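Okay, so here's the structure we're looking at.
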Amino acid sequence: MEGFDLNKLVRESVRKLQPYSSARDEYVSDGSEMLFLDANENPFDNGVNRYPDPYQRSLKSVLAKQKGVSESQILLGNGSDEVLDLIFRAFCEPNQDNVITLPPTYGMYKVLAGINTIENREVLLTADFEPNVEEILKAADSHSKLIFICSPNNPTGNSFKGEYIKTLLESFDGLVVVDEAYIDFSKDESWVSPLKTYPNLIVTQTLSKAYGLAGIRLGICYASEEIVSVLNKIKPPYNVNQLTQQRALQRVLNQDLVKQEVQQILDERTELIKALNNLEFVSAIYPTDANFVLAKVDDANKRYQQLLEKQVVVRNRSTQPLCENTLRFTVGTPEENKKLIAILKELN
């Protein structure tokens with residue numbers, strides 16, 4: 001994208017900001033034994049008495065090799081929600097700028113816009129749950145800083161056509177954030193690969209879904225070195241704790257197990273879809289590239305309550321645009337899915 005100038009998008013206050021420098025910003029270990037008397041820590045070793053690496057270098061080194069990017073193109077956060085919030089705070093001027101979201105989509109985009117007092121311009125997806133590129137570009141103006149694209153999309157499950165995302169990247173003057181929380185369940189290629197081609201592209205991922213680490217809260221941002229540098233200026237100094245870094249590193253190094261679990265989830269998803277197709281009260285099952293299935297039923301409120309009474313919790317998405325009378329089923333273990341299917345067959 002010729003002529004792209006990131007500085008025009010960065011908030012003036014962020015551009016002028018002198019970031020906080022923590023004790024471990026000033027020293028990087030060379031592997032030798034050092035006497036650390038710089039950070040006012042408790043000196044008695046219990047495994048977590050020292051501050052963690054503020055830039056998570058060991059974990060980033062592995063991720064960089066796996067994704068084919070440099071470590072300086074990665075930002076890690078306390079869940080993807082922190083990463084998304086940092087993007088808002090770095091590039092959107094409160095009470096002045098706006099962002100564009102594409103409902104039905106992940107609800108935190110709207111919440112974060114509200115927290116940061118940024119106008120949220122909603123452009124509905126088309127009837128087949130694809131971005132309406134023409135309307136998105138019409139909605140944008142000189143104060144539009146971000147477009148949020150969740151692909152595979154939550155709650156619909158489908159991956160958006162690459163040509164639509166490409167058009168937005170090439171036509172929009174701001175930043176395009178592609179949220180790939182569910183990319184590991186999709187056959188589509190990640191948008192991390194074309195980062196070099198699009199300097200206005202940000203890709204977010206997470207270890208909460210396919211990697212099974214929702215409890216440790218680890219979100220990932222892949223972008224240009226320039227964008228990551230801006231985000232590093234405003235992130236909290238030790239935003240990813242030591243235990244999270246250690247557990248995440250163990251998991252990302254065990255790719256064989258992750259792939260095995262993902263395949264089992266995909267197999268179970270197929271079985272769940274077959275079962276849903278045989279239920280009279282299910283009228284539609286939407287295509288999915290995620291670890292969940294969105295189904296249209298006769299009465300979502302009734303079916304949700306019936307399942308709840310059977311100690312089964314699913315998600316009623318009926319309040320979302322284009323999602324009237326829909327339930328979202330997360331794919332569970334084989335045992336959980338058998339129990340769910342048996343209960344669904346009993347409902348009347």
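The values are calculated or read from the model by the stated rules, or taken from the named source; none is laboratory data. What you are looking at is a predicted structure, and each value in this text was computed from that prediction instead of being measured. Don't worry about glycine lacking a Cβ; one is built from the backbone with ideal geometry, like all the others, and counts go over all protein chains shown. Areas reflect the complete protein model, heavy atoms only, side chains present, ligands, DNA and RNA absent. Shrake-Rupley method; radii C 1.70, N 1.55, O 1.52, S 1.80 Å.
Looking at LYS145 and the list (1) open to solvent by 20 Å² or more (accessible area, probe 1.4 Å); (2) in contact (Cβ under 8 Å) with a residue 40 or more places away in the chain; (3) of a type outside the set (A, V, I, L, M); (4) part of a loop (DSSP other than H, G, I, E, B), which single condition is not satisfied?
(4)
Out of (1) in contact with a helix residue (DSSP H, G or I) (Cβ under 9 Å, 6 or more places away or on another chain); (2) not in a loop (DSSP other than H, G, I, E, B), what's the single condition that is false for VAL48?
(2)
Yes/no matrix, rows are residues, columns are (1) open to solvent by 70 Å² or more (accessible area, probe 1.4 Å); (2) touching a residue at least 60 places away in the same chain (Cβ under 8 Å); (3) closer than 30 Å to CYS323 by Cβ:
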position	(1), (2), (3)
LYS60	no, no, no
GLU93	no, yes, no
ASN98	no, no, yes
THR101	no, no, yes
ALA113	no, no, yes
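Tally up the residues in the range 75-91 that are in a loop (DSSP other than H, G, I, E, B) and open to solvent by less than 60 Å² (accessible area, probe 1.4 Å), please. Give the derivation first.
The initial filter retains those residues of the range 75-91 that are in a loop (DSSP other than H, G, I, E, B), namely 78.
Right, trim to open to solvent by less than 60 Å² (accessible area, probe 1.4 Å) and you get none.
Going through the range 75-91 one residue at a time, the tally reaches 0.
For the range 204-219, state whether one or more residues are open to solvent by 20 Å² or more (accessible area, probe 1.4 Å) and either farther than 25 Å from PRO52 by Cβ or in contact with a Cys (Cβ under 6 Å, 6 or more places away or on another chain) (or both).
There is no residue in the range 204-219 that is open to solvent by 20 Å² or more (accessible area, probe 1.4 Å) and either farther than 25 Å from PRO52 by Cβ or in contact with a Cys (Cβ under 6 Å, 6 or more places away or on another chain) (or both).
Which numbered condition trips up SER61, out of (1) hydroxyl-bearing (Ser, Thr, Tyr); (2) closer than 25 Å to GLN205 by Cβ; (3) not in a helix (DSSP H, G or I)?
Single failed check for SER61: (3).
Please note which strands (runs of 3 or more DSSP E) are completely contained in the range 269-348 and include at least 2 residues that are open to solvent by 20 Å² or more (accessible area, probe 1.4 Å) and out of contact with any Phe, Trp or Tyr (no Cβ under 9 Å at 6 or more places or on another chain). Before the answer, list the steps.
Values: elements: 282-285, 292-297, 326-330.
Passing ranges, in order: 282-285.
Just to verify a result, which residue in the range 220-253, among those that are more than 19 Å from PRO52 (Cβ to Cβ) and part of a loop (DSSP other than H, G, I, E, B), is nearest to the chain's Cα centre (by Cα)?
ALA223
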